[in-house]
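The values are calculated or read from the model by the stated rules, or taken from the named source; none is laboratory data. Worth saying up front: this structure is predicted, and the values here are computed from it rather than measured. Here the Cβ positions follow ideal geometry from the backbone for every residue, glycine too, while neighbour counts run over all protein chains shown. Just the protein is used for accessible areas: all its heavy atoms, side chains included, with ligands, DNA and RNA removed. Shrake-Rupley method; radii C 1.70, N 1.55, O 1.52, S 1.80 Å.
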Amino acid sequence: MNALIAVLPGDGIGVEVTAQSVRALTKIASRFGHTFRFEQALIGGAAIDASGQPLPAETLALCQRADAILLGAVGGPKWSQPDATVRPEQGLLGLRKALGLFANLRPVAPHPAVLHASPIKAELLQGVDIMVVRELTGGIYFGDKQRSATEATDVCRYTLVEIERVVRLAANLARKRRGKLTSVDKANVLETSRLWRSAVDRILPLEFPGLTFEHMLVDSAAMHLIRKPRDFDVIVTENMFGDILTDEASMLAGSLGLLPSASLGETARGGLYEPIHGSAPDIAGRGTANPFAAILSAALMLRYSFHLETEALALEKAVSDSIVAGVLPADLSAPGMPAASTQAAGDAVIAALG
Ligand code: IPM
Ligand code: MN
């Protein structure tokens, strides 16, 4: 396979972890006989510094040409003053919207070798395997925003079409997994949630008769995720609930540094792959960040954009082998134990790839 991969390292540790996923993909290419061409571009704060814009036209053009996009992270205190008019996050949100990446897949499966890294009891974590599907281009993130000296509004808006396409995508994933879909909303309060719920109630019995589905209020889901995480298979939810619940769910895996994501549109081509963690300005530039989430995001690229399942599994196994071998960056290593650097963690993955 011959593919063009757009590489957008972004800000902070995004730069460090993305370098490791590029190395891992290069190794996969040589081992399995593929040609991956990497082209780099600016996004977020780095792009604001260079051009005044968080999503420069040439970055968007590259992403539109590319077969898939690898992204690090955006943001940082330098660009986050409350009255800033351009923000790094606008680059990422603009890219998701411009490319129509409406479904954000965030798999959460605690690794048996690092259950100790989670603040949650190990017995609750065994066998947890959740796929969160977060709607990514609608809701309060993208509704009208107003601000005066004394008042501010963020409109939460969803169209039926936006709801239906993400629910169908999640239901299709559930069909290939354990056959259960949990739709998370706040239908006791929000009109958008009531529209969401009615769409699920109509689509699931009609189009996915074999699936078990349930509705759960988001506050209750936040609690259940900690109390009984094994109960979940696929979760589908709107943009902001999905953002919040997946940071929470990352604690099941032990660290934000382990959670990859895939953002998909109507077609496999042009998917965007990024770790769910942010730019972590507090540890940026030290070479200590955990690259596993970024590398696992590259594995999702192999799976969802390139349909290279064998290669995806090989990369996921290489990360798993590294963890089992005790190559643990600071967010995972036991207190008092030496932590692996970003580079050492990348080296271990490459070595495990043989
Ligand atoms: C994420 C991030 C982004 C989001 C930010 C950086 C805009 O938190 O991908 O989860 O809120 O979607
Ligand atoms: Mn987030």
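About its Cα centre, what dipole magnitude does segment 218-296 give when the only charges are +1 on Lys and Arg Cβ and -1 on Asp and Glu Cβ, stated in debye to the nearest 20?
Values: 5 positive and 10 negative charges, 62 e Å.
Dipole about the Cα centre, nearest 20: 300 debye.
Please identify the DSSP H helices in the chain that span no less than 20 Å along the helix axis (Cα) and have a mean Kyte-Doolittle hydropathy of -0.5 or more.
Working: long enough: 13-32 (29 Å, 0.52); 160-176 (24 Å, 0.35); 191-207 (24 Å, -0.41); 239-253 (21 Å, 0.43); 309-324 (22 Å, 0.36).
Answer set is 13-32, 160-176, 191-207, 239-253, 309-324.
Roll a 1.4 angstrom probe over the protein heavy atoms and tell me the percent of accessible area of the chain that is carbon or sulfur. Mind dumping the intermediate values first?
Working: 8420 of 14740 Å².
Reported share for carbon and sulfur atoms: 57 percent.
Could you tell me the center-to-center distance, by alpha carbons, between segment 321-349 and segment 216-286 in angstrom?
Here the two parts' Cα centres lie 22 Å apart.
Using the basic label-point model (7 angstrom from Cα toward the beta carbon), what is the R65 to A334 distance in nanometres?
5.1
Of V349, P119, M1, whose Cα points farthest to the positive end of the dipole of the chain (charges on the beta-carbon: +1 Lys, Arg; -1 Asp, Glu; origin at the Cα centre)?
Going by the Cα projections, it comes out as M1.
Could you tell me which residue out of P205, T192, N172 lies farthest along the dipole of segment 162-231 toward its positive end? Charges go on the beta carbon: Lys and Arg +1, Asp and Glu -1, centred on the Cα centre.
Highest projection toward the positive end goes to N172.
In Å and on Cα atoms, what radius of gyration and Dmax does the chain show?
Every Cα atom of the chain included, Rg and Dmax give 19.7, 61 Å.
Can you tell me the length gained on complete extension of the stretch T267 to M1, counting 0.36 nm per residue apart and subtracting the Cα distance? Mind showing how you got there, number by number?
Details: separation 266, 0.36 × 266 = 95.76 nm, distance 1.76 nm.
Here the answer is 94.0 nm.
Residues of segment 119-253: accessible area per residue at 1.4 Å, in Å²?
For segment 119-253, the solvent-accessible area averages 48 Å² per residue.
Using unit Cβ charges (K, R positive; D, E negative) and no other charged atoms, how large, in debye to the nearest 20, is the dipole of the chain about its Cα centre?
On the way: 33 positive and 37 negative charges, 134 e Å.
Dipole magnitude for the chain comes out near 640 debye.
Over the chain, what is the mean sequence separation of C-alpha contacts under 8 Å (at least six apart), divided by residue count, expressed as relative contact order in percent? Mind showing how you got there, number by number?
Numbers: 785 pairs, mean separation 77.1, N = 354.
22 percent.
Compute, for segment 119-253, the length of the dipole vector about the Cα centre, with Cβ point charges of +1 (Lys, Arg) and -1 (Asp, Glu) only. Units Debye, rounded to 20.
On the way: 19 positive and 20 negative charges, 88 e Å.
So the dipole magnitude of segment 119-253 works out to roughly 420 debye.
Using just the helices of the chain, give the 222 nm mean residue ellipticity in deg cm²/dmol: DSSP H runs with n ≥ 4 each add -39,500 (n - 2.57), and the total is spread over all residues, rounded to 500. Display every interim value, and only then the final one.
On the way: 12 runs with 150 residues, N = 354.
Calculated at 222 nm, the ellipticity per residue is -13500 deg cm²/dmol.
Quick one: length gained pulling E248 to E39 fully straight, 0.36 nm per residue minus the C-alpha distance?
Working: separation 209, 0.36 × 209 = 75.24 nm, distance 3.33 nm.
Going from the current span to full extension adds 71.9 nm.
How much length, in nm to one decimal, is gained on full extension between D231 and A351, taken as 0.36 nm per residue of separation minus their Cα-Cα distance?
Values: separation 120, 0.36 × 120 = 43.20 nm, distance 3.60 nm.
Between D231 and A351, full extension yields 39.6 nm more.
Say the dipole of segment 201-281 comes from +1 at the beta carbon of Lys and Arg and -1 at that of Asp and Glu; which of L217, M240, L264 then lies farthest toward its positive end?
Farthest towards the positive end: L264.
Shape verdict for segment 119-253, please, from the Cα gyration tensor: rounded (a/c under 1.5), prolate (a/b greater than b/c) or oblate.
On the way: a/c = 2.33, a/b = 1.28, b/c = 1.81.
Oblate, because a/c is 1.5 or more while a/b does not exceed b/c.
Label-point separation (nm) for V189 and A325, each offset 7 Å from Cα along Cα-to-Cβ?
4.8
Quick one: which residues, 5 or more positions from Q40 or on another chain, have an amide H under 5 Å from its amide H? H modelled 1.01 Å from N in the peptide plane, none for Pro or chain starts.
Those lying under 5 Å, H to H, from Q40 are V7.
Return a single number: how many Lys pairs in the chain, at a sequence separation of 8 or more or on separate chains, have alpha-carbon atoms below 25 angstrom apart.
Lysine pair count for the chain: 13.
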